[in-house]
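Since every read-out is calculated from the coordinates, none of them should be taken as a lab result. Computed from a prediction, not measured in an experiment: that's the story for all the values here. Positions of Cβ are generated from backbone atoms using ideal geometry, with glycine treated the same way; all protein chains shown enter the neighbour counts.
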Amino acid sequence: MHRATRRSFLTLAGSATGAALAVGPLTALLVGCGGSAGPQAADTGWSLVQRWPTTSLVPGALRLPLSLADDQRLLSEGPAELVGRVVAQDGTVVADGLRAARHGEGLELPYWPFRVELASPGVYTLLVDGARADGAALQVLPTDAVTVPAVGSLLPGFDTPTFDDLRGVDPLCTRVPEPCPLHEVTLTQALASGTPVAYLVGTPAHCQTGTCAPALDALLAVRSELGDAVTMVHAEVYTDTTATTVAPAVRACGLDFEPSLFITDASGRIVERLDAVFDAAEIRAAVARALS
């Protein structure tokens, strides 16, 4: 269990989003405007720990997972649902009545993924009923400022390493005790298969937040349920065990965080991108959309 004082939660929140990669640090989290917090008391309730990457939000449908903490620790329990709203910098409520169910199948800590549609770039704050008034800040960047493929776009093909061709990545898969089976075909081949694709970029052995190994296990659990209905591919983040050189697969998607799971329909168009923290329940829901 991670422990931190309230003063250190911004730092903790930065590390909880997902592991930052050598291709570029996560941007600093912005402090939410206390004046926009509405009727909540300033220093009571939970603290919100952001678990979304700060560099990849663009206008459109956003996924904002967070965890809860008190003055002593990140919480291993919490309500079945959280209710919140998003406000702009001037305090205007731009989205109200947002609801996030608790998730955490196979994870040490639960999380609550809020979903919101924001049309414009800018700085916003997610406020949650029962939480402290500073909320959780988020910055929505212009679409052309973000290189990570977004929902609605085509996922670019890439010749990811396979069992037959490591392409300079060794080990091919850091899952233990055995590598995962999601290295039979390249991403390029998967996208040409005529089925939906689930493409995971993450390193089970080196992920700083302990979310990459559970993410891969969750994907494998869904694969065992679906069989060949979805073609699944996993790519490691680093080229070797020193974890100092980023693998080409990471740069191909413009990632500076991990893990990230891209789910496409049969045409290769991204129907969902799950970043930083997710469980089998969210994967199942996303795959169901891809198959519909």
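Summary table below
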quantity	calculated
Calculated SAXS-style log₁₀ I(q)/I(0) at q = 0.11, 0.14, 0.16 Å⁻¹ - region 115-213, Debye, Cα scatterers	-0.57, -0.82, -0.94
Three-way shape label, region 40-81, alpha-carbon gyration tensor, a/c 1.5	prolate
Rounded to 5, percent antiparallel among DSSP beta bridges of region 187-291	70 percent
Reference-scaled alpha-carbon Rg (2.2 N^0.38 Å with N residues) for region 63-156	1.20
Chain lengthening between residue 165 and residue 89 when straightened (0.36 nm per residue, less Cα-Cα)	22.3 nm
Spin-label pair residue 176/residue 251, simplified geometry with 7 Å Cα→Cβ offset, distance in nm	2.9 nm
Residues residue 81 and residue 241, FRET efficiency given R0 of 51 Å [Cβ-Cβ distance, rounded to 0.05]	0.75
Loop chymotrypsin sites (Phe, Trp or Tyr not before Pro), region 82-178 (other Cβ atoms within 10 Å of the site Cβ: 14 or fewer; DSSP)	163
Per-pair calculated FRET efficiency, R0 = 30 Å: residue 289 and residue 141 via Cβ, rounded to 0.05	0.75
Ranking of 46, 52 by count of other Cβ atoms within 10 Å, fewest first	46, 52
For region 220-292, alpha-carbon Rg relative to the globular expectation (2.2 N^0.38 Å, N residues)	1.20
Kirkwood-based Rg to Rh ratio, region 136-292, C-alpha trace	0.94
Burial ranking of peptide ranges 241-249, 226-234 (average Cβ count within 10 Å, highest at the top)	226-234, 241-249
Charged-residue dipole, Cβ positions (Lys, Arg, Asp, Glu), region 158-257 about Cα centre, Debye nearest 20	220 debye
